[in-house]
Amino acid sequence: MCTLTADRRDPLNTSYRRLAEITGVPKSTIFRVLRQESQLREELVYQEGQAGTSKRKREGKDLDVAETLDKWFFIVNGKGVNINSPILKAKSEEFAKRWGRNDFKATNGWLLRWRARHNIRFKKANGENGSVDNETAEQWETTKIPTF
């Protein structure tokens, strides 16, 4: 990686061509970096605390639906409700209709990318949270146990 020293870099008088010659980086790359400097600095600050697992920060094309689903998911999940993929798909399509996005389809790929962006994994619930309700237990007891 090439860095410029203060004496060789004068941002007011140095042309893109001269910077390209000094650094060995294409002129278009220098132009893009200087044009997006503030955005790149923000992303760098954001990624400092992360392990650097992603190469690019990507946002989905249905950002309003995803943000609404984010808020709903973290509220409901915080209350201890078990949520699975079909529930997330149904809710995201419901939110899309509320936003007037009738062309939205919650595909498996969309859901996988949404879950990956937020590091959401579904785990089997154990203990009290994962226990079966009494009605289901009684039904199983009367129908399944006699067959053994």
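The values are calculated or read from the model by the stated rules, or taken from the named source; none is laboratory data. Because the structure is predicted, anything quoted here is derived from the model rather than measured. All Cβ positions, glycine included, derive from the backbone under ideal geometry; neighbour counts span all protein chains shown.
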Original post:
Can you find even one residue in region 37-50 that is modelled with pLDDT of 80 or more and hydrophobic (A, V, I, L, M, F, W, C)?
Top reply: yes
Subject >> Identity of the residue in region 107-124, touching a Phe, Trp or Tyr at 6+ places or on another chain (Cβ under 9 Å) and part of a loop (DSSP other than H, G, I, E, B), that ends up nearest to Asp62 (Cα to Cα) >> reply: His118
**OP:** Assess whether Ile30 counts as being surrounded by 10 or more Cβ atoms within 10 Å (Cβ to Cβ), touching a Leu at 6+ places or on another chain (Cβ under 8 Å) and either at pLDDT below 85 or among the aliphatic types (A, V, I, L, M) (or both).
**Re:** yes
